[in-house]
Amino acid sequence: MNNKNRFSPLAMALCVVIGILIGTFYANHFSGNRLSIINSSSNKLNNLLHLIDDRYVDTVNVNDLVEKAMPQILAELDPHSVYIAAKDVQIANDDLRGSFSGVGIEFTIRHDTLHVQQVVSNGPAERAGVIAGDKIVTVDDKPFTGKTLTNEVAMHTLKGPKDTKVKLGIQRYGEKKLRYIVVTRGEIPTKSVTATYMLDDNTGYIRIKNFGENTYPELLIALAKLSQEGFKSLCIDLRGNTGGYLQSAVQIANEFLPKNRLIVYTQGRKSPRQEYRSDGRGSYQQIPLVVLIDEGSASASEILAGAIQDNDRGTIIGRRSFGKGLVQEPISFGDQSMIRLTIARYYSPSGRCIQKPYTAGDNKDYEEDILTRYQHGEFFSGDSIKHEGKEYHTQNGRPVYGGGGITPDIFVAEDTTNVTSYYKQASMSGLIIQYAYSYTDDNRQRLSTISTTKEMADYLKRQNIVDRFATYADANGLKRRNLMIQRSHHLLERYLISRIIYNMMKEEAWIEYLNSDDPAIEQTLKVIREDKAFPVNQNARQ
């Protein structure tokens with residue numbers, strides 16, 4: 001009896017092993033389409049792809065299928081988690097990196113031909129002899145024109161590793177024969193700070209296009225330049241700035257805030273709260289400050305504007321910002337593709353998250369939010385702004401709101417008084433930009449003798465530029481409407497002159513011209529001259 005009990009566990013173990021072996025045999029031979037691995041959701045995706053590859057009726061490129069599926073999967077999470085294919089990663093990162101390797105030109109494609117609009121000062125193309133107005137018609141002795149020539153094709157062709165050479169066939173104005181120029185590619189800086197100048201005798205102006213790796217040092221250089229010109233107050237223009245690196249926004253905010261002020265904090269399900277505070281080393285903690293924002297200001301722009309507003313450090317002027325309060329982490333794959341995955345939300349010092357509402361997996365309303373705001377009248381009246389989040393309070397107790405962007409302290413409406421259907425068609429069709437380039441190209445020699453923005457604008461106003469454009473547009477499908485042209489004359493003239501200035505001069509000159517009659521700039525100067533840049537000063541007067 002005891003011997004039987006002694007061998008019972010061994011017999012039982014042998015039965016279990018034999019059972020597993022038999023079960024495995026039958027599973028492998030008689031299970032039909034059942035898969036023999038754990039049926040988790042992630043394995044389902046892998047198995048689906050294997051099944052398609054092995055058994056689908058037609059040949060399928062599984063890699064292409066994955067490339068198409070990745071964006072769809074991420075779109076189910078939130079509007080800002082995105083997939084970037086390997087071929088697009090470099091372009092996506094270039095603006096934020098601060099430089100890229102290429103020939104150093106700005107171009108436009110017209111009539112299936114690449115036209116050099118500007119050359120980077122002291123860049124590879126300029127050193128090799130390329131000038132604005134040149135047409136590049138061959139690259140490495142191969143034709144470089146036609147319907148297949150797109151911006152993407154041109155950038156892919158002209159960019160390349162540093163110190164590699166590319167042979168350009170140039171058609172130059174007034175020359176019958178092609179001119180061949182060999183350009184050695186080099187590092188081309190991409191600037192975040194695109195304009196620095198004095199608005200008046202006391203007020204400096206800095207425009208920040210995005211927040212990249214070099215934005216903070218660029219800002220310090222801009223501030224040093226303004227210091228030499230004796231600025232006593234400052235306007236930072238973030239309009240149209242879609243964001244970038246959080247750290248750059250934090251560094252810039254630190255320049256203007258007293259010690260130990262909260263700038264921003266981030267927090268997510270797997271990301272513990274992380275606070276960013278000022279260290280008190282900023283050199284401009286007392287200077288009167290105005291920050292300009294609009295519906296195109298997003299992400300890092302909103303971090304900077306929120307830090308200034310919630311700490312009552314300056315006045316925010318413009319229109320409600322975009323409302324992006326989600327933090328993305330870049331994650332690379334072995335094939336050089338990458339995703340930007342949302343890992344946290346960021347919160348301004350008052351505790352508000354400015355992320356506007358969205359429905360996971362349904363981005364249509366989110367993408368049309370700006371249009372909805374416009375139709376609702378928000379661009380024309382500050383009273384039309386809908387505050388969907390709860391009320392928070394700044395350092396001095398002023399009410400601010402979360403859940404949909406930064407609402408400015410002073411609202412500036414978009415001026416549509418003289419907008420007509422003719423002006424809208426002229427703008428949206430691209431005809432204004434096309435004509436401006438044609439005019440620039442035909443008059444480059446004369447325009448190149450003009451040295452200042454004001455002189456250029458004054459000269460162009462004497463050239464009856466709007467009437468010339470109307471004739472050109474009529475010949476290219478936009479019927480002439482004299483009453484509408486008369487009503488929108490100033491808007492048409494302003495747009496045309498700005499584009500010609502952009503073609504002939506640096507981006508700073510273009511911005512300076514547009515700012516010359518900008519209502520937000522006028523409001524900025526009014527606030528500063530009345531000593532109301534600090535919200536605490538306003539409260540003291542009440």
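The values are calculated or read from the model by the stated rules, or taken from the named source; none is laboratory data. If you're wondering where the values come from, they're calculated on a predicted model, not measured in any experiment. Because the Cβ atoms are built from the backbone with ideal geometry, glycine has one as well, and the counts that use them run over all protein chains shown. Accessible surface is based on the protein model in full, side chains and every heavy atom, while ligands, DNA and RNA are left aside. Shrake-Rupley method; radii C 1.70, N 1.55, O 1.52, S 1.80 Å.
The figures follow:
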item	result
Computed over the stretch 248-303: relative contact order in percent, which uses C-alpha pairs under 8 Å that are six or more apart	39 percent
For SER299, distant residues with modelled amide H under 5 Å away	GLY323, LYS324
Dimensions (Å) - the stretch 243-365, Cα atoms, principal axes, largest first	47, 31, 25
Alpha-carbon centroids, the stretch 422-436 and the stretch 270-308: separation in whole Å	37 Å
Residues ASN418 and GLN228, FRET efficiency given R0 of 45 Å [Cβ-Cβ distance, rounded to 0.05]	0.70
Phi to ³J(HN,Hα) by Karplus 6.51 cos²θ - 1.76 cosθ + 1.60 over the stretch 495-510, Hz, x for Gly, Pro	5, 4, 5, 4, 6, 5, 4, 4, 5, 9, 10, 6, 4, 4, 5, 4
Residue-normalised accessible area of the stretch 108-217, expressed per residue, 1.4 Å probe, Å²	51 Å²
Relative packing of peptides 509-522, 363-376 - highest average C-beta neighbours within 10 Å first	509-522, 363-376
The stretch 100-204: radius of gyration and largest Cα-Cα distance (Dmax), Å	15.7, 54
Separation of alpha-carbon centers, the stretch 177-229 and the stretch 41-112, rounded to whole Å	32 Å
Chymotrypsin sites (Phe, Trp or Tyr not before Pro) within the stretch 92-172: DSSP coil, no more than 10 neighbouring Cβ in 10 Å	none
Mean Cα-pair separation over length for the chain, i.e. relative contact order, pairs under 8 Å, 6 or more apart, %	11 percent
Under Karplus coefficients 6.51, -1.76 and 1.60, residue-wise ³J(HN,Hα) of the stretch 435-445 in Hz, glycine/proline x	5, 4, 5, 4, 4, 4, 5, 6, 10, 4, 4
R0 of 22 Å, Cβ-Cβ distance LYS526-HIS490: FRET efficiency to nearest 0.05	0.50
Heavy-atom accessible surface of the chain: percent carbon and sulfur, 1.4 Å	51 percent
5 angstrom amide H check on THR138, placed H, neighbours 5+ away	PHE144, GLY169
Translational diffusion coefficient (Stokes-Einstein; Kirkwood radius from C-alpha pairs) of the stretch 164-311 at 37 °C, 0.692 mPa s, in µm²/s	188 µm²/s
Two-decimal Rg to Rh for the stretch 259-307 - Kirkwood Rh, Cα set	1.04
From phi via Karplus (6.51, -1.76, 1.60), per-residue ³J(HN,Hα) for the stretch 214-227 in Hz, x at Gly/Pro	9, 4, 5, x, 5, 5, 4, 5, 4, 5, 5, 4, 5, 4
Residues with amide H under 5 Å from that of ARG277, placed H, sequence gap 5 or more	ILE263
Longest to shortest principal axis, alpha-carbon extents of the chain, angstrom	117, 72, 47
Probe 1.4 Å, all protein chains present, accessible-area order of MET428, MET155, MET198, largest first	MET428, MET155, MET198
Solvent-accessible heavy-atom area per residue, rounded to whole Å², over the stretch 246-308 at 1.4 Å	40 Å²
Theoretical gain in end-to-end length, VAL60 to LYS87 [0.36 nm per residue, Cα-Cα removed]	7.6 nm
